[in-house]
Amino acid sequence: MAEVTIEGRDTYTIYDNQSTGKVDIADEVVAIIAGLAATEVEGVSSLSGHITYGDVPRLSRKNLAKAVRIAIEDSVVKVSLNVYLKYGYSIPKTCALVQDKVKSAIENMTGLTVSDVDISIAGVDVDKTK
């Protein structure tokens, strides 16, 4: 159900009330929500490209697409993330926390349903000060 706007962005209607209007959300906004949520999890060093929490809102769509991919169809979101984890953290536990956090953030902020949060481990950052 993606609509292509003049700027070339895909947008999705998340609310439509004929008496007050409708609310559209760009896929880029959903990607930013996912990226911010993922980088808030303890054990996540950065997203692919060494994108940290503070970098996510300022990224261009092209740079963000290297780390976060979003597919939305019929108000159902599929998310794919490429992350770097910190050395010493359990990969299964950290990824489960990321999946829960990303799913919760998108659903709470947009009202869309998240069906999948797929994670690819791009690498492990070794911090010698730990």
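Where a number appears in this text, it was derived from the coordinates with a stated rule and is not lab data. Source: prediction; values computed, not measured. Backbone-built Cβ (ideal geometry, glycine too); neighbour counts: all protein chains shown.
Quick notes on this structure:
- 3J(HN,Hα) couplings calculated from phi for the range 69-79 with the Karplus curve 6.51 cos²θ - 1.76 cosθ + 1.60 (θ = phi - 60°) are, in sequence order, 10, 10, 10, 10, 9, 6, 6, 10, 9, 10, 10 Hz; Gly and Pro show x.
- Looking at the range 27-125, the pairs of alpha carbons with a distance over 23 Å make up 15% of the total.
- Packing-based order for 100-107, 17-24, using average beta carbon neighbours within 10 Å, highest first: 100-107, 17-24
- Net length available on complete extension from D127 to K78 is 14.5 nm, with 0.36 nm assigned per residue and the Cα-Cα distance removed.
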